[in-house]
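Every number in this text was worked out from the coordinates using simple rules, so none of it is lab data. If you're wondering where the values come from, they're calculated on a predicted model, not measured in any experiment. Here Cβ is always computed from backbone atoms with ideal geometry, including for glycine, and neighbour counts include all displayed protein chains.
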Ligand SMILES: [Zn+2]
């Protein structure tokens, strides 16, 4: 028996038709299902330790609950729901999008779609949500043609902003979620050189390989029905199920992105 680690991914919460959006009641039901079945949400420290033992035989039920883009519902929907079930999560922020206090008070076009740094600091200090990088600009770089200079500047800026705004040392930020899950080996090396030891993509599957730190598969459950969520999570909880998912969806991802990179 082996014990995969599932990484869940959400973006927005609301009732809109936005495909990135999950109704809050569905999210609540999914957290309830996890809690009822004895799943434990990992902190990043636990994940980094546990990842060395992914595929080990302890049989524990572990998930990493992640959120991309840093929408304001992190504070209004996600955090209160996590609190109710004794769970915690990780948010990957587009650091150029989060409003400061001045943006909210004075700007003619305040960005209220994204979580403020004040709220992020509060959630981080409570230990409900940890914050990591989803780049500074969320630009859609082309892995085939874009060089590394502008990417390096963008990633370094995201580190600076996270460190400044959350008042934590840069070494706190070791996890990077690639926008759209797009990356290649060159970019992965660059990310590692800046301190992003752990790099996440978007792919149906779970972490089964001990010591895996890059191309960590995150299963996007945006707008999934509760029934689909339960079915997938049950499948991913089975070592053979996770391995089959990784193989099938890893192949599809490689095919979609082209033969030149994955
Ligand atoms: Zn994104």
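Bridges between two residues of the chain, per DSSP, are antiparallel at a rate of about 5%.
Sort the stretch 164-209 into rounded, prolate or oblate with this rule: let a ≥ b ≥ c be the square roots of the eigenvalues of the Cα gyration tensor; rounded if a/c is under 1.5, and if a/c is not under 1.5, prolate when a/b is larger than b/c, oblate otherwise.
It comes out prolate by the Cα gyration axes.
Taking all Cα pairs closer than 8 Å and separated by 6 or more residues, the relative contact order of the chain comes to 23 percent. Each of 7, 248 has some number of other Cβ atoms within 10 Å of its Cβ, and from fewest to most they run 248, 7.
Model label points for residue 156 and residue 186, set 7 angstrom from Cα along the Cα-to-Cβ axis, are 1.8 nm apart.
With R₀ set to 30 Å, the beta-carbon distance separating residue 168 from residue 148 gives a calculated FRET efficiency near 0.70. For the pair residue 100 and residue 126, label points projected 7 Å from Cα toward Cβ lie 2.5 nm apart.
Treating each Cα of the chain as one equal point scatterer and applying the Debye formula with no solvent, the log10 of I(q)/I(0) at q = 0.07, 0.10, 0.14, 0.15 Å⁻¹ comes out as -0.23, -0.47, -0.97, -1.13.
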